[in-house]
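The values are calculated or read from the model by the stated rules, or taken from the named source; none is laboratory data. Just so you know, these numbers come straight off a predicted model, no measurement behind them. Reconstructed Cβ throughout: ideal geometry from the backbone, glycine too, with neighbour counts over all protein chains shown. For accessibility, only protein heavy atoms count, side chains too; no ligands or nucleic acids. Shrake-Rupley method; radii C 1.70, N 1.55, O 1.52, S 1.80 Å.
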Amino acid sequence: MAKPTRLSGFPELLPSGRVIEQYLLDVARQVFELHGFLSLETRAVEPIENLQGGEIAKEIYVLRRMHAADGEADPGLGLHFDLTVPFARYVLENSAQLEFPLRRYQIQKVWRGERPQDGRFREFTQADIDVVGSGALAFHHEIEMAVVMSTLLAKLPIPPAIIQVNNRKLAEGFYLGVGATDTQGVLRAIDKLDKIGADRVRVLLEAEAGLTREAAAKCIQLASIKTPDATFVDQVRALGVQNDLLDEGLNELAAVVAGANAERPGSVVADLRIARGLDYYTGTVYETQLVGFESVGSISSGGRYDNLASDGKQSYPGVGISLGVSRLVSVLIGRDLVSVSRAVPSAVLVAVSDEASRPASELVARQLRNRGISCEVAPSADKFGKQIRFADRRGIPFVWFPGAVQRESPEGDTVKDIRTGDQVPADATKWAPPIDDLTPRVFSTIVTTAVSEESS
RNA sequence: GUGCUCGUAGUUCAAUGGUAGAGCGCAGCCUUGUGGUGGCUGAUGUUGCGGGUUCGAAUCCCGUCGGGCACCCCA
């Protein structure tokens, strides 16, 4: 290898960062499995035409064989862009062997060719959950997705997160109701409200989406509605737009907000400016902001899709939501919102008196490991002061001193808590560290109020 | 991919175009087998990298890589 160099958009974590990431992944897996989601993994590559969802050109990394011959056909493969589209393909391919509705979680890397920015990478990890039905999928799963993600977020040592929910039927019905023909165009313009402001969006709506002045104004008014409960319905009705699809969307969104907040109060708000870039969503759409860190964008999003997977005879509607693990980790690390008790798994460093007695130290380590206590043996028989410092640097809380080397007698062994200085006699077949010291701990450095636990 | 901006010791930051520095951290000793506080001593580096202008470049110019921002898009 030549000189190692960082690669833009392909971040690598230091050991302590990886501890944080792994902790999030562990909690995610635990919460997902508690809710009955099974685990799946799909291949990293897909035929490019599968990845494109709609016709919009995505930032897809294309795969090419280095030694491809001149005339060799292009395999047309690309790295997957998200986990939902590959999952839909997987469902179609294996539908005969799967049970529906299928609840699955999937935690994998995905790749996008976009220019990297704060919290935005070219390679990052997503933790997805989806429920997919065969032919039909009950609406209540659209509530469930918000509840599961909210439950997960509440268990993590992170600032409060709020899931913002909208509904494609509501938006599309409203746009049709005011006379729009290019509802996608309207959606795209509305999506820019935060960035370019109402005035410029109004211009866009009139010029590009072909709306009348009044229609554009109403679309902007719609997008400004945001309520923590179902009262948004009255506000939308007050705009006086009539459309069946709109009514359907209003009912669904009201049900999601009411249903999710009934289970997890304050977890969800109706925010009618949420648009979502992906065009395959057909119902509820989700985005999630970290309170106080809105500028990094959504840390979790998803939605309902009715037409993503279909083999012509049977369709497989689904709903899913995805946690942006890499983005969340980068925010937590970049702003010092969490810290870790140590970056290594070892709870104990077994000191070595001299090289001749190293086997005695190894025996102690083996006895601790047999009882599930992570430990390592000092790499060299330095002065004990140095060995203690070795542990201190790594955050290893305990140093074990084997007693005088006198065969098969653990007597004389002592273990020292180097944080307090307490040193006590100990038996490697019986001693155990406090439960909190058994594995590295990840804790929030800002939230002083306890992370709200279950409300159910 | 386009545009803007930043890049100095492990780290946080200094240095009018004129000898590259400070705090923290690190190493050694005070401390002959138990760290942290304290004292003394010491090393930090091809100023991201490559070119160019200049008697002379950390400083100005070009390119490139990396960080950030905006566009685009989105976890």
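Against the condition free of Cβ contacts under 8 Å to residues at least 40 places away in the same chain and within 15 Å of the chain's Cα centre (by Cα), how does residue A:147 come out, does it pass?
no
Return the residue satisfying two criteria in turn: it lies in the stretch A:194-238 and is charged (D, E, K, R) and surrounded by fewer than 13 Cβ atoms within 10 Å (Cβ to Cβ), and of such residues it is farthest from residue A:260 (Cα to Cα).
If we take residues in the stretch A:194-238 being charged (D, E, K, R) and surrounded by fewer than 13 Cβ atoms within 10 Å (Cβ to Cβ), then A:213 is farthest from residue A:260 (Cα to Cα).
Can you tell me which residue in the stretch A:373-406 is nearest to residue A:435 (Cα to Cα), limited to those that are assigned to a helix (DSSP H, G or I) and without any contact (Cβ under 8 Å) to a residue 12 or more places away in the chain?
A:393
Scan the stretch A:104-120 for residues that are within 20 Å of residue A:23 (Cα to Cα), assigned to a strand (DSSP E or B) and open to solvent by less than 40 Å² (accessible area, probe 1.4 Å) and jot them down.
Once the filter is applied, which keeps residues that are within 20 Å of residue A:23 (Cα to Cα), assigned to a strand (DSSP E or B) and open to solvent by less than 40 Å² (accessible area, probe 1.4 Å), the stretch A:104-120 yields A:105, A:106, A:108, A:110.
Say whether the condition of being buried (at least 17 other Cβ atoms within 10 Å of the Cβ) and either outside the structural domain of residue A:330 (by TED's automatic domain parsing) or under 24 Å from the mean Cα position of the chain (by Cα) (or both) is met by at least one residue in the stretch A:168-176.
Within the stretch A:168-176, one or more residues are buried (at least 17 other Cβ atoms within 10 Å of the Cβ) and either outside the structural domain of residue A:330 (by TED's automatic domain parsing) or under 24 Å from the mean Cα position of the chain (by Cα) (or both).
Please determine whether any residue of the stretch A:121-130 is surrounded by 23 or more Cβ atoms within 10 Å (Cβ to Cβ), touching a residue at least 24 places away in the same chain (Cβ under 8 Å) and away from RNA strand B (no atom under 16 Å from the Cβ).
Checked against the condition, which is being surrounded by 23 or more Cβ atoms within 10 Å (Cβ to Cβ), touching a residue at least 24 places away in the same chain (Cβ under 8 Å) and away from RNA strand B (no atom under 16 Å from the Cβ), the stretch A:121-130 yields no hits at all.
Within the stretch A:285-315, track down each residue that is more than 14 Å from RNA strand B (Cβ to nearest atom) and touching an Asp or Glu at 6+ places or on another chain (Cβ under 9 Å).
A:315
Considering only the stretch A:258-272, I want to know if a residue exists there that is assigned to a helix (DSSP H, G or I) and of a type in the set (D, E, K, R).
yes
Hey, can you tell me all the residues within the stretch A:331-352 that are out of contact with any Phe, Trp or Tyr (no Cβ under 8 Å at 6 or more places or on another chain) and either within 14 Å of RNA strand B (Cβ to nearest atom) or free of Cβ contacts under 8 Å to residues at least 24 places away in the same chain (or both)?
A:332, A:333, A:334, A:336, A:342, A:352
Condition first: part of a loop (DSSP other than H, G, I, E, B), over 27 Å from the mean Cα position of the chain (by Cα) and away from RNA strand B (no atom under 16 Å from the Cβ). Can you find one or more residues in the stretch A:362-372 that meet it?
yes
What are the residues in the stretch A:299-328 that are over 30 Å from residue A:94 (Cα atoms) and open to solvent by less than 30 Å² (accessible area, probe 1.4 Å), if any?
A:299, A:328
Give me the pairs, please: first residue somewhere in the stretch A:294-307 and part of a loop (DSSP other than H, G, I, E, B), second residue anywhere and open to solvent by 30 Å² or more (accessible area, probe 1.4 Å) and within 6 Å of RNA strand B (Cβ to nearest atom), beta-carbon distance under 7 Å, and either six or more positions apart or on two chains.
Taking only residues 6 or more apart or on different chains, the pairs are A:299/A:327.
Is there a residue being loosely packed, with under 15 Cβ neighbours inside 10 Å and within 21 Å of residue A:238 (Cα to Cα) anywhere in the stretch A:178-189?
Taking every residue of the stretch A:178-189 in turn, at least one turns out to be loosely packed, with under 15 Cβ neighbours inside 10 Å and within 21 Å of residue A:238 (Cα to Cα).
When you go through (1) near RNA strand B (Cβ under 10 Å from one of its atoms); (2) modelled with pLDDT of 90 or more one by one for residue A:433, which number turns out not to apply?
Among (1) near RNA strand B (Cβ under 10 Å from one of its atoms); (2) modelled with pLDDT of 90 or more, the lone unmet condition for residue A:433 is (1).
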